[in-house]
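> If you scroll down you'll find the structure; I have some questions about it.
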Amino acid sequence: MAVDPAIDQKIEAKRSEISTAQSFQEIQSKPTLTDIPLIILPYVKVDLIACLTKSIDSISSDYLEKVRAHKSHLSMGNDSERWIKQGFEVIKDNSCPFCLRPFDPVPEIVTAYNQYFNEEYNQLLRSLSQLSSTVIGFNLEARILQVDSRITSNLALLGFWERHIPNPPILNSLSEEISDLNSAFEAIKLALRNKASNPIQSIDGAAVEAFQSLIENLNQKLTAYNSEIRNYNTKISALKSSTRQNIPQLESELRRLNAIKLRSDTTISSQCTTLSGQVQSLSTLNTQKTTKQAELDNYSVTVFQGYSLRINQYLQIFAPYLEIRDLSSGYVGQSTSPSVNYALHVHGTEVKQDDSTYPSFKYTLSEGDKNALALSFFLAKLESDSNIQNKVVVFDDPVSSFDLNRKSATINKLVSIASQVKQLFVLTHNIVFAGEFWKNAQQVSLTSQCSKVEFINNTSCIVEYNIDTETLSSVLKDSLLIKNYLTNGCLSDQERRAIARSLRPALESYFHLKFFDLVSNNDWMGDFISKVRNAISTDPFFRLQSSLAELTDINDYSKTFHHRFNTACDNQPITDAELKTYCQRTLKLIQVI
C-alpha cells in the first residue's frame, strides 16, 4: 500500500458518506432552509426628512415673538401651541370664543395668530400627523423578532444538514443589533414629538438618516444570507434526489482507507520485524518446552506415583470408596503455572470434574467426601515435606461435614502431626470434636493450650479455655460453675448474671436425675415445685416439703435473670453478697435433693 498524503481527508469524507447513507430516510423528510424576510419601512425617508426640516418663514418676526411669548406665558409646555390653535379656530364673528365680546379693535395677538396659523402651517400639521401615525404604528420589535425567529429556525435545520453537506451558510442572530435599532427608532419618534410641539421650527433629520443606514445595512446582511441559503438549498435538493448508497460497500472502502493510513505508520515496519523475531523465539521456546515436558513426564512417573499411592492410603482411612488414578501434571490453556490432573473413582466408577457430565463432582460427592479428598491431598503433601519439623501448620475446622468414623481418624492423624511439626493450630466450632481432640492430645508428651474467642467489653479477645469443664454433663457443669464462683468470685456483672441463671438449671438437673422415672423431659422447676407442694405422705416428693419455701425463693431469684421471665434481665441489678447467699443455699438444697 502506497503512502497517501491526503488519507485523513479521504477517511473523513468516507465517514461522512456513511453517515449520509445511514440517514437516507431522514434526509428525504427533513425540510430545506427558508428565506429570511427583509425589514421594509412604512414611510419614505425623504418625505419624513422634508417634514422634520420644514420651517415657516412667512410670519413676521414681531408676530412670531408675540406668539412665542404667549406660549411661554401659558406654561403648558408642548401642549400650548395646540391649545392656542384650537381656540383660534373657533373664533366666530370676530368675537372672543370665551366671553363672546367682539374684538373692537382686533387685538394685536389675534392678528399675530391670523398670520401664524396660515394654510402653510395647516398643511405642515397634516403631513406631520400622517407621518407620526405611520411611525408610531410601525412595530419594529415584532419585525425584528420575525427575522430572528427565521434565522433561529434555519440554524436548527443546519445542525442536521451540515453533517451531510459541507460549507453551510453562516447565520448569526440579531440579538446584538436589536438595541441599536430600537434606540435609533426611538430617536425618530422623539424628533417627531419635538416637531409636533413647534411645527414651524426646523428639526434636524440626522435621526432618520442614522436609522435608515442601520436598516439598509441589516437588509444587505439578510440579502446575503438569503443568497447563501438558496445556494445551500440547491445542494440539499441534489442530495435528496440522489440514490441510496450501499452502506456495506462504503464501510469496506473505509476499512481499506484505514488500512492504508495504518500501513504508512513508521512503527508498523518495526513491529513486523519484531514479530518475525518473536515467531522465531517462540519456535525455540516450544522446542525447549517439549524437552522440559519430557523431563516432567519422567519425574511424574517417579514422584507422582508415590504421591498418588499416599493419597489413596489416606482415602482408605477417611473415605475407602474413593480412589485417585492417573495423577499427572500439565498446563491449562496459556497459563504459565503447572496444574495437577487426576481421575477420581467412586466405587470403581470415574467421576468427571465437568458439571455438564454425569456422574460429576457436583452431584456425586457429599461435602464430607469433598473434605476427605482435600484433607488427603494436604496430608500427603505435608508428609512429603522434608522440613516439616520447622513448619507451623493450621487446620481450620478439619472435620466439617465429617461423620463419627472420619472424625476419629482425623483426630488420630492430627495428634500424630502435632508430634512432628514445630507448632500446630486446630480451629473448630465443634465442641465435641474439640473435647475429644484435647483428650487425645493430653495422652502424648506435648506442650498444649486450649483457648477460645470471647466477647468482652465490646471487643473479641482470645482467652484461656477449660474445655474439660465445658464438656462436662450439664449437672456437673452448673454445679461446678456455682462452686467455682464461691471459691474464686468473678469480675463482671455479666458473669454474675450467668451464675444466677445457672441456679435453676442446677436444681432442675438433680430433680431429673433423682426422680428420672417420675418426671418427664418437659418438666421444669415450676413443675417440680408443684409436685412437692401437692405431694402426699406416700409420694417420693413429700420429703422435700420442708424445703418448699427454699425451692420457691431460689427459683424466683434465678427467674429474674432469664429472658423468658424478664425481658430486662440484662439490666437487672446484682450484687456479690446476695448472689453468694443464693449460691450457698442452692448447693445445700442439692444435698437435700
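> For the range 284-298, state whether one or more residues are at pLDDT below 85 and of a type in the set (Gly, Ala, Ser).
Yes: the range 284-298 contains one or more residues that are at pLDDT below 85 and of a type in the set (Gly, Ala, Ser).
> Something else about it: Suppose we filter SER479, SER492, SER416, SER502 for residues that are over 27 Å from GLN572 (Cβ atoms) and not charged (D, E, K, R); which single one remains?
Values: SER479 fails: over 27 Å from GLN572 (Cβ atoms); SER492 fails: over 27 Å from GLN572 (Cβ atoms); SER502 fails: over 27 Å from GLN572 (Cβ atoms).
Within the list SER479, SER492, SER416, SER502, the selection yields SER416.
> Then there's this: Yes or no: the range 132-140 includes at least one residue that is modelled with pLDDT under 90, in a helix (DSSP H, G or I) and surrounded by 15 or more Cβ atoms within 10 Å (Cβ to Cβ).
yes
> Something else: Need at least 1 residues that are within 29 Å of ARG193 (Cβ to Cβ) and open to solvent by less than 40 Å² (accessible area, probe 1.4 Å) per element, so show me which helices (runs of 4 or more DSSP H) inside the range 1-56 make the cut, counting only ones lying wholly within it. Talk me through it step by step, then tell me what you get.
Details: elements: 7-22, 24-29, 45-53.
Where helices (runs of 4 or more DSSP H) fall fully within the range 1-56 and carry at least 1 residues being within 29 Å of ARG193 (Cβ to Cβ) and open to solvent by less than 40 Å² (accessible area, probe 1.4 Å), they are 45-53.
> Residue check: is LEU491 part of a helix (DSSP H, G or I) and without any contact (Cβ under 8 Å) to a residue 40 or more places away in the chain? Outline the logic, then answer.
Working: part of a helix (DSSP H, G or I): no; without any contact (Cβ under 8 Å) to a residue 40 or more places away in the chain: yes.
So LEU491 fails the test.
> Just to check your reading of the model, which residue among ALA238, ALA184, ALA259, ALA224 is closer than 30 Å to SER129 by Cβ and either in contact (Cβ under 8 Å) with a residue 60 or more places away in the chain or out of contact with any Gly (no Cβ under 6 Å at 6 or more places or on another chain) (or both)? Quick ask: steps written out before the conclusion?
Working: ALA238 fails: closer than 30 Å to SER129 by Cβ; ALA259 fails: closer than 30 Å to SER129 by Cβ; ALA224 fails: closer than 30 Å to SER129 by Cβ.
Every option except ALA184 fails the conditions.
> So, in the range 427-454, how many residues would count as being open to solvent by less than 40 Å² (accessible area, probe 1.4 Å) and without any contact (Cβ under 8 Å) to a residue 24 or more places away in the chain?
1
> Out of all the residues in the range 558-578, is one or more within 20 Å of VAL592 (Cβ to Cβ) and assigned to a helix (DSSP H, G or I)?
Within the range 558-578, the first condition is being within 20 Å of VAL592 (Cβ to Cβ), and the residues that meet it are 558.
Going one step further and asking which of them are assigned to a helix (DSSP H, G or I), we end up with 558.
Yes: one or more hits.
> Applying the selection to the range 577-593, what residues are within 25 Å of GLN494 (Cα to Cα) and open to solvent by 50 Å² or more (accessible area, probe 1.4 Å)?
ALA577, GLU578, LYS580, THR581, GLN584, ARG585, LYS588
> Same structure, new question: Do we have any residue at all in the range 268-283 that's of a type in the set (S, T, N, Q), in contact with a helix residue (DSSP H, G or I) (Cβ under 7 Å, 6 or more places away or on another chain) and either modelled with pLDDT of 85 or more or open to solvent by less than 60 Å² (accessible area, probe 1.4 Å) (or both)? Step through it out loud before you land on a result.
Residues of the range 268-283 that are of a type in the set (S, T, N, Q), as a first pass: 269-271, 273-274, 276, 278, 280-281, 283.
Now drop any that are not in contact with a helix residue (DSSP H, G or I) (Cβ under 7 Å, 6 or more places away or on another chain), which leaves none.
For the range 268-283, residues of a type in the set (S, T, N, Q), in contact with a helix residue (DSSP H, G or I) (Cβ under 7 Å, 6 or more places away or on another chain) and either modelled with pLDDT of 85 or more or open to solvent by less than 60 Å² (accessible area, probe 1.4 Å) (or both): absent.
> Does the range 465-492 hold any residues that are among the polar types (S, T, N, Q) and at pLDDT 85 or above, and which are they?
Kept after step one, since they are among the polar types (S, T, N, Q), are these residues of the range 465-492: 466, 469, 471, 473-474, 479, 484, 487-488, 492.
Listed by number, the residues that qualify are SER479, ASN484, THR487, ASN488, SER492.
> Still on this model: Hey, could you check the range 155-208 for residues that are in contact with a Lys or Arg (Cβ under 8 Å, 6 or more places away or on another chain) and exposed (fewer than 15 other Cβ atoms within 10 Å of the Cβ) and say which is nearest to ASN231 (Cα to Cα)?
So the residue we want is PHE160.
The values are calculated or read from the model by the stated rules, or taken from the named source; none is laboratory data. Treat the numbers as computed from the prediction; the structure is a model and nothing was measured. Using ideal geometry, Cβ is built from the backbone for each residue, glycine included, and neighbour counts are taken over all protein chains shown. In case anyone asks, the SASA skips ligands and DNA or RNA and just uses the protein heavy atoms, side chains included. Shrake-Rupley method; radii C 1.70, N 1.55, O 1.52, S 1.80 Å.
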